[in-house]
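Read the structure below first, then the notes.
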Amino acid sequence: MEKEKVLLKNLLFNKEKVEMIANAIGEACKSKKINNFDKSSFVKSILNEFPELELKARITCITNNLKKYFEFINLDYRKSVEILLKALPPELDNSKTDDDFGDFIYAPFNEFVATYGLTEKDLDFSLDAIYEMTKRFSAEDAIRYFINKFPSETLNRLFIWSEDKNYHVRRLCSEGTRAKLPWSQKIILNYKEPIQILDNLYSDKTRYVTRSVANHLNDISKNDPEFVIQILEKWIQLNKKNKKLNEKPFQTEDELDFIVKHALRTLVKNGDKAALKLLGINPEVKIKIGKFTFTKQVEMSKNLEFSFNISALENCSIVLDYIIFFQNHLGSLKSKKVFKIKNLKLEKKKVIKIEKKHPMRSEMTTRKLFRGKHKLLLQMNGEIKKEVSFELI
């Protein structure tokens with residue numbers, strides 16, 4: 001019997017989690033000699049709403065109920081936040097270096113501050129609260145409301161935080177100012193303004209932070225490739241200088257290499273020649289393709305399979321991708337997606353065989369497939385080297 005799929009919203013926001021924060025809030029209230037917080041009613045009110053709500057709406061549901069129940073016991077905004085801060089769990093382990101996002105059930109605490117503390121008189125108090133909360137669950141969405149309403153004050157604070165000892169705080173400074181942060185409030189900010197913050201963070205010793213820096217630059221690259229190239233070139237030169245003089249901060253070569261590659265991934269997929277050159281790849285190198293084979297008819301939910309031989313007339317590095325143009329419900333081939341095969345170092349005239357399988361699943365969360373003609377293209381160092389059509393049946 002097939003195991004029932006657990007929805008993410010039910011995994012992250014459920015009865016046990018709501019009871020957990022209700023108990024913590026209740027204990028925080030007692031420590032302040034506030035004994036009339038109705039935990040059971042708070043939990044029941046939230047759970048009654050949950051079945052009809054998606055993930056983000058559940059965050060707002062908890063936020064609204066926090067407001068309602070705090071008002072019922074006559075707590076103003078600041079006293080309410082003091083209770084939330086008291087109810088927080090211990091800080092996330094600062095000795096880790098990656099993938100320690102925290103518990104989503106604390107997202108409503110951040111949203112509470114962004115919703116009810118976004119005022120001039122509460123600004124410093126609210127930012128102090130965000131500082132503590134982001135050590136338990138990333139406040140990357142909440143901080144964007146403050147950036148939009150109080151840009152200079154918030155950016156000044158983030159610049160200071162970018163040198164904080166806690167890597168969750170440092171990551172917030174990059175992640176919260178990203179131009180295209182998924183699932184988050186859009187920020188009305190010139191993308192060049194946070195660069196001073198990134199200048200502090202590119203040399204960070206924590207992958208959780210440097211990945212955010214690279215993602216931040218990748219966002220910018222979609223609108224201003226030249227600017228991103230300039231920033232990365234500046235960091236490369238500055239890093240060489242500081243390392244030579246044994247001055248800090250400087251980044252390890254491997255980590256800076258990761259930042260550069262990850263920041264340029266969209267430009268590389270798009271065949272941007274300046275990005276390829278920064279990666280030490282000559283887009284003009286002569287590459288030979290031979291013995292190309294592919295499945296001309298692919299059954300729905302089966303694999304598109306293709307293979308080919310590749311060689312070059314000189315030693316070189318290449319970036320190897322493939323592109324699929326998908327048919328839409330109108331029969332048009334306007335939708336495309338670039339997929340990575342691998343990066344290769346080719347020895348002069350040495351032939352390498354490449355084999356690839358691409359699943360054409362009938363049900364995907366990212367796209368619906370339609371039967372009919374599709375296109376497959378091979379892209380090497382940004383240049384299209386082969387284009388064929390196949391039928392999805």
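Below, the figures for the structure above:
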{"item": "Extended-chain gain in nm, criterion 0.36 nm per residue less alpha-carbon gap, F292 and S311", "result": "5.6 nm"}
{"item": "Hz values of 3J(HN,Hα) by residue in segment 213-222 - Karplus curve (6.51, -1.76, 1.60), Gly and Pro given as x", "result": "4, 5, 5, 4, 5, 4, 4, 5, 4, 6"}
{"item": "Calculated from backbone phi, Karplus (6.51, -1.76, 1.60) coupling profile of segment 200-209 in Hz, x at Gly/Pro", "result": "6, 9, 4, 8, 4, 8, 10, 4, 4, 7"}
{"item": "Positive dipole terminus of segment 196-332, leading residue within L217, I323, L245 (C-beta point charges)", "result": "L245"}
{"item": "Cα-centre dipole for segment 99-235 with unit charges at Cβ (Lys and Arg positive, Asp and Glu negative), debye to 20", "result": "240"}
{"item": "Percent antiparallel among DSSP beta bridges (both partners in segment 287-392, rounded to 5)", "result": "95"}
{"item": "Inter-site label distance for K386 and D76 at 7 Å from Cα along Cβ, in nm", "result": "7.1"}
{"item": "Separation in nanometres of the label points that stand 7 Å from Cα toward Cβ, at L377 and K244", "result": "4.1"}
{"item": "Residue exposure sequence - L392, L11, L201 - by fewest surrounding Cβ within 10 Å", "result": "L11, L392, L201"}
{"item": "Cα centre as origin, Lys/Arg/Asp/Glu Cβ charges: segment 287-392 dipole, Debye", "result": "40"}
{"item": "Stretch gain in nm, segment N148-K357, where the contour uses 0.36 nm per residue and the Cα spacing is subtracted", "result": "70.7 nm"}
{"item": "Helix-derived mean residue ellipticity, 222 nm - over the chain, DSSP H n ≥ 4, -39500 (n - 2.57), to 500", "result": "-13500 deg cm²/dmol"}
{"item": "Peptides 69-82, 136-149, 216-229, 172-185 ordered by average Cβ neighbours within 10 Å, highest first", "result": "136-149, 172-185, 216-229, 69-82"}
{"item": "Charge sum, other residues only, whose C-beta stays under 13 Å from I188's C-beta, Lys/Arg counted +1 and Asp/Glu -1", "result": "+2"}
{"item": "The chain - share of DSSP beta bridges that are antiparallel (%, nearest 5)", "result": "95"}
{"item": "Net charge over other residues, Cβ less than 12 angstrom from the Cβ of F308 (K, R count +1; D, E count -1)", "result": "+4"}
{"item": "Environment charge of V213, counting only residues whose C-beta is closer than 13 Å and scoring Lys/Arg +1, Asp/Glu -1", "result": "+2"}
{"item": "Debye, to nearest 20: dipole size of segment 1-132, +1 on Lys, Arg Cβ, -1 on Asp, Glu Cβ", "result": "600"}
{"item": "Crossing angle, helix 151-161 versus the chain [Cα axis fit, 0-90 degrees, rounded to tens]", "result": "80"}
{"item": "The chain: C-alpha gyration tensor shape, a/c 1.5 cut-off, then a/b vs b/c", "result": "oblate"}
{"item": "Selection from Y145, F125, T293 lying farthest towards where the dipole of the chain points positive, charges on Cβ", "result": "T293"}
{"item": "Selection from I105, Y116, F258, by position along the positive dipole direction of the chain (Cβ)", "result": "F258"}
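Every read-out reported here was derived from the displayed coordinates using simple, explicitly stated rules and does not represent laboratory data. Everything numeric in this text was worked out from a predicted model, so none of it was measured. All Cβ positions, even for glycine, are placed from backbone atoms using ideal geometry, and neighbour counts span all protein chains on display.
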